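Asks: Sharing a structure with you now.
All of the numbers you see were taken from the coordinates with simple rules; none came from a lab. Because the structure is a prediction, the values reported are computed rather than measured. We place every Cβ from the backbone using ideal geometry, glycine too, and count neighbours over all the protein chains shown.
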Amino acid sequence: MLEHVTVLELHGVSKVYKTGTFGRGSTLAVDDVSFAVRPGEVVSLIGESGSGKSTIGRMILRLTNVTDGSIDYEGNDIALVGGRALKGYYRSVQGVFQDPFSSYNPIFKADRVFRLIRSEYFADVSATDWRQRIDASLHAVSLNPRDVLGKYPHQLSGGQLQRLLIARALLLDIKILVADEVISMLDASTRIDVLNLLGELKQRGLGILLITHDLALGNYISDSAVILRQGRVVERGTTAKVFDNPLHPYTQELLASVPRLDAKWSDETVSDLPDVASDVGVGALVEVEDDHFVASVAGASS
């Protein structure tokens, strides 16, 4: 693990979407979320569908605006970044999303994503140097250039397409990768390869935000975990602390719901599952520290 210098930090971030006729209504999608991603660290942002985790990823990537709070990259609020500075931000922070096929135009060859990067960031690089950079980035994600270059998206597997997108990000020498459900659409044999790739990138000093609904995946690779429920962080801390001794009823429910390989569904009964109706509401945050925890009620849930 590299020294703990914060690269990306969220401070009380909230997101409100306007709803209804003429935007008269509103929906609070993300509520007062704070956490950090450091060099050489994988942070898992875990929650059910609709919990706001992908919205957080989109705000980090400047695909949607923050309503309240701030997202700081190397000490600067990214909402205030524009022009050349914004281009520099995207050179350091990139995202890879759930469906790799949706990131490619089927009428173009898959490696067109590299040409777009070259025209925007490396226009002055020679053809020979550029080819060497592409080859190096492909080898970094365990792809053989001969197997993937010059191919159309339908000629490649989902795992290959996902690795191409990660290779594209590596061309920019990024510091933060937002990986939003990157393996949920891949088959089981390919998932572990992509996860191991993320682990290798972590060892090279890349900070990774792994957005997932799968607790097993978060436990497999992450250094710290942030548990999200209805837009709020209910528990956070080192992965070992959160998974080995969950303190919030919602985290306990999630872990109890993970299917067991040593039991059949018919062996389980509804009564075996925990009752999450608790005095601790959605607004309660359990923060796990190295040697103790702090539980603070941030507000009553509705």
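Asks: Among residues other than Ile211 whose Cβ falls under 9 Å from its Cβ, what is the net charge (Lys/Arg +1, Asp/Glu -1)?
Replies: Its environment carries a net charge of -1.
Asks: For the stretch 220-230, in order, what is each residue's ³J(HN,Hα) by Karplus, 6.51 cos²θ - 1.76 cosθ + 1.60 with θ = phi - 60°, in whole Hz (x at glycine and Pro)?
Replies: Couplings: 5, 10, 8, 8, 9, 10, 10, 9, 10, 9, 6 Hz.
Asks: Considering every Cα-Cα pair within the stretch 98-181, what fraction, in whole percent, is farther apart than 18 Å?
Replies: Values: 1349 of 3486 pairs.
Looking at the stretch 98-181, the distances longer than 18 Å represent 39 percent of pairs.
Asks: Continuing with this model, one more query. If I take R0 = 35 Å and measure r between the Cβ atoms of Asp193 and Arg24 in this structure, what FRET efficiency does the formula 1/(1 + (r/R0)^6) give, to the nearest 0.05?
Replies: Calculated transfer efficiency: 0.15.
Asks: How much net charge surrounds Ser142 when only the other residues with a Cβ under 10 Å from the Cβ of Ser142 are counted, with Lys and Arg +1 and Asp and Glu -1?
Replies: Local net charge: -1.
Asks: Would you mind calculating the gained length between Arg112 and Gln252 on full extension (0.36 nm times residue separation, minus the Cα-Cα distance), in nm to one decimal?
Replies: So the extension gain works out to 45.9 nm.
Asks: Can you flag which of Lys15/Lys53; Lys151/Lys175; Lys87/Lys175 are past 20 Å Cα-Cα?
Replies: Working: Lys15/Lys53 11 Å; Lys151/Lys175 29 Å; Lys87/Lys175 14 Å.
Pairs exceeding 20 Å: Lys151/Lys175.
Asks: Also, I was wondering about something else. Non-local amide H neighbours of Glu41 (under 5 Å, H modeled in plane, Pro and chain starts lacking H): which ones?
Replies: Distant-sequence amide H within range of Glu41: Gly207, Ile208.
Asks: For Ala110, what charge total do you get from the other residues with a beta carbon under 13 Å from its beta carbon, if Lys and Arg give +1 and Asp and Glu give -1?
Replies: Residues near Ala110 contribute +4 overall.
Asks: Quick one: which of 41-47, 248-254, 213-219 comes out on top by average Cβ neighbours within 10 Å, and what's the full order, highest first?
Replies: 41-47, 248-254, 213-219
Asks: Now a separate question. On the Cα set of the stretch 8-244, report Rg and Dmax in Å, please.
Replies: 18.1, 56
Asks: Determine ³J(HN,Hα), in whole Hz, for all residues of the stretch 91-97 in sequence, where each value follows from phi through the Karplus function 6.51 cos²θ - 1.76 cosθ + 1.60 and θ = phi - 60°; x replaces Gly and Pro.
Replies: My calculation for the stretch 91-97 gives 6, 9, 10, 9, x, 10, 10 Hz in order.
Asks: Here's a follow-up. Taking loop as defined by DSSP and a crowding limit of 10 other beta carbons within 10 Å, which trypsin sites (Lys or Arg not before Pro) in the stretch 1-84 fit?
Replies: Arg24
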